[in-house]
Amino acid sequence: MNISILIDKKRKLEAFGSIPDSLKNNLDDWFSIELTYSSNAIEGNTLTRQETALIIEKGITVGGKSIKEHLEAINHVKAFNWIKDLIKKKHKTITEKDILNIHALILEGIDNLNAGSYRKVKVRIAGSLVVLPNPLKVPNLMEKFIKWLQNNKNLHPVELAAEAHYRLVTIHPFVDGNGRTARLLMNLILMMHGYPPAIIRKKDRLNYINFLEKARLGGSKKDYFKLIAKAIERSLDIYLQALYEKKNNIIFKDNNYRLLKIGELAKKVGESITTIRYWTKEKLLEVTEITKSGYQLYNLNMINRIKQIKKLKKQRYSLKEIKQKLNLK
C-alpha cells in the first residue's frame, strides 16, 4: 500500500493547527450522515442521503421505508458517536469488548438476540465462493484477532486499519452487521491516530465486495488496499478543502462539499475545457461526481493537481512520467 500521499496530506492538515469549533461541528455532522448513508447503502439499505439526514437530524419518519432501515440509520450514528467518545477519552487499546459494543449498537432493536454476540450458526455470503469459518471456531479466531490487533501497533495506522477491517470480515463473527462493524473498527483505528474516517462510497460497492472476495480466495490484496487508501485520501481532501475555505473566508457547505464544474475549474487554472477533459480522460484528473444532467464535478484539490501537472509539463515530462511522479495509476 502506497501511503506516502496520505502521510503528506495528513501533515498538511496538521499544519493548519486546531480546527475551529464551528467548522469541526459542521465536518462532524457531514461525516456522520455520509458515513451512515454509505455504510448502510452498501448493505442494501434503500434510504437516500437526504432521507438519512432527515432521520438523523430531525427524527422524521420517512414514508415507504421500513422500520429496520430507520433503525439502521439511527444505530449507525449511535455506534459512530460511541467510537468518537472512545477517542475523546484517549482510548489506546482496542479490546474484544469494544468490537462487541460496536456490533451491539448496530443491531440494537433490530436483532437483540444476536446484538453484541458471536454467531452460533453457519452463515454464507450470497453469490460468493468464500467459505466462512465454522461458528465453533469464531471465539478462538476472535481471540487471535484481538491479540494480533494489540501486538501490531508498530504498523502504520492506515495499514493496520485496512488489515483489521479485512481480517474481521474474513472471520465474519456475527450473524449480521459484519461489514458495518468492520468499517467502524477501521475508522476507530484511523481516528485514534488523527486520520479522518474513510467512507466507502455506494458507487464503489461492487469493487469493494469484489476486491475483498478476491483477497479472501487467495488473491492479491492490492486492489482492496488501494480502494481503502483512496477513501482515506478523499476524507483528507474534504478536511483540507474545508480548512482552505475557512482560511479564505468561504463558507463550508455540507451538501457534498464544494465542487467545481469543468468550466469553473478551467477558468480558475487558466486552461481550456478541452485540456481539462483530455487530462481527465488520461486519468491525470479525477471527477468527484457526475450530476443527473451529465455535468462532471471536480474537487477543489484538483486545482493544486493541475498546478503540479503544469509545472511538470514545463520540465518536459511526458504524461506517463507525470502520472508516475504524482503516484497516479
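The values are calculated or read from the model by the stated rules, or taken from the named source; none is laboratory data. Fair warning: this is a prediction, and the values are worked out from it, not measured in the lab. Virtual Cβ from ideal backbone geometry, glycine too; neighbours counted across all protein chains shown.
Does residue 100 satisfy the criteria of being under 20 Å from the mean Cα position of the chain (by Cα), assigned by TED's automatic domain parsing to the domain that holds residue 66 and modelled with pLDDT of 95 or more? Answer is no for this residue.
Looking at the range 126-154 only, could you name the residues that are assigned to a loop (DSSP other than H, G, I, E, B), within 20 Å of residue 216 (Cβ to Cβ) and without any contact (Cβ under 8 Å) to a residue 60 or more places away in the chain?
Within the range 126-154, 126, 127, 131, 132, 133, 134, 152 meet the criteria.
All of (1) within 19 Å of residue 185 (Cβ to Cβ); (2) of a type outside the set (Val, Ile, Thr); (3) in contact with a Phe, Trp or Tyr (Cβ under 6 Å, 6 or more places away or on another chain) hold for residue 40 with one exception: (3).
Scanning the range 227-274 for residues that are polar (S, T, N, Q), closer than 22 Å to residue 33 by Cα and modelled with pLDDT under 90 returns 241, 255, 256. Here is the figure for the range 97-114: residues that are in contact (Cβ under 8 Å) with a residue 24 or more places away in the chain and within 15 Å of residue 178 (Cβ to Cβ) total 9.
I'd like the full set of residues that are of a type in the set (A, V, I, L, M) and either within 21 Å of residue 83 (Cα to Cα) or touching a Lys or Arg at 6+ places or on another chain (Cβ under 7 Å) (or both), limited to the range 21-73.
Of everything in the range 21-73, those that are of a type in the set (A, V, I, L, M) and either within 21 Å of residue 83 (Cα to Cα) or touching a Lys or Arg at 6+ places or on another chain (Cβ under 7 Å) (or both) turn out to be 23, 27, 33, 35, 41, 42, 47, 53, 55, 56, 71, 73.
If we keep just the residues of the range 155-181 that are of a type outside the set (A, V, I, L, M, F, W, C) and without any contact (Cβ under 8 Å) to a residue 24 or more places away in the chain, which is surrounded by the fewest Cβ atoms within 10 Å (Cβ to Cβ)? Only one residue fits best here, namely 167. Of the residues making up the range 69-125, those that are among the β-branched types (Val, Ile, Thr), in a loop (DSSP other than H, G, I, E, B) and within 25 Å of residue 143 (Cβ to Cβ) are 93, 94, 95, 121, 123, 125.
Every residue, every condition in (1) modelled with pLDDT of 90 or more; (2) among the aliphatic types (A, V, I, L, M), yes or no:
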site: 276; (1), (2): yes, yes
site: 280; (1), (2): yes, no
site: 285; (1), (2): yes, yes
site: 288; (1), (2): no, no
site: 293; (1), (2): no, no
site: 306; (1), (2): yes, yes
site: 310; (1), (2): yes, no
site: 315; (1), (2): yes, no
site: 325; (1), (2): no, no
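Kindly establish whether residue 217 is in contact (Cβ under 8 Å) with a residue 24 or more places away in the chain, surrounded by fewer than 16 Cβ atoms within 10 Å (Cβ to Cβ) and touching a Leu at 6+ places or on another chain (Cβ under 7 Å). Spelling it out, residue 217 is indeed in contact (Cβ under 8 Å) with a residue 24 or more places away in the chain, surrounded by fewer than 16 Cβ atoms within 10 Å (Cβ to Cβ) and touching a Leu at 6+ places or on another chain (Cβ under 7 Å).
Considering only the range 63-79, how many residues are charged (D, E, K, R) and more than 15 Å from residue 112 (Cα to Cα)?
3
Being modelled with pLDDT of 95 or more, of a type outside the set (Ser, Thr, Tyr) and over 30 Å from residue 194 (Cβ atoms) holds for only one residue in 42, 67, 106, 94, and it is 67. In the set (1) among the hydrophobic types (A, V, I, L, M, F, W, C); (2) more than 22 Å from residue 152 (Cβ to Cβ); (3) within 12 Å of the chain's Cα centre (by Cα); (4) crowded, with 23+ Cβ neighbours inside 10 Å, the condition left unmet by residue 184 is number (2).
Screening 87, 146 for residues that are surrounded by 12 or more Cβ atoms within 10 Å (Cβ to Cβ) and within 19 Å of residue 77 (Cβ to Cβ) leaves exactly one candidate, 87. All of 327, 299 fail the test of being touching a residue at least 60 places away in the same chain (Cβ under 8 Å) and surrounded by 15 or more Cβ atoms within 10 Å (Cβ to Cβ), apart from 299. For the range 155-199, taking the residues that are among the small types (Gly, Ala, Ser) and assigned to a loop (DSSP other than H, G, I, E, B), the one that is farthest from residue 89 (Cα to Cα) is identified as 177.
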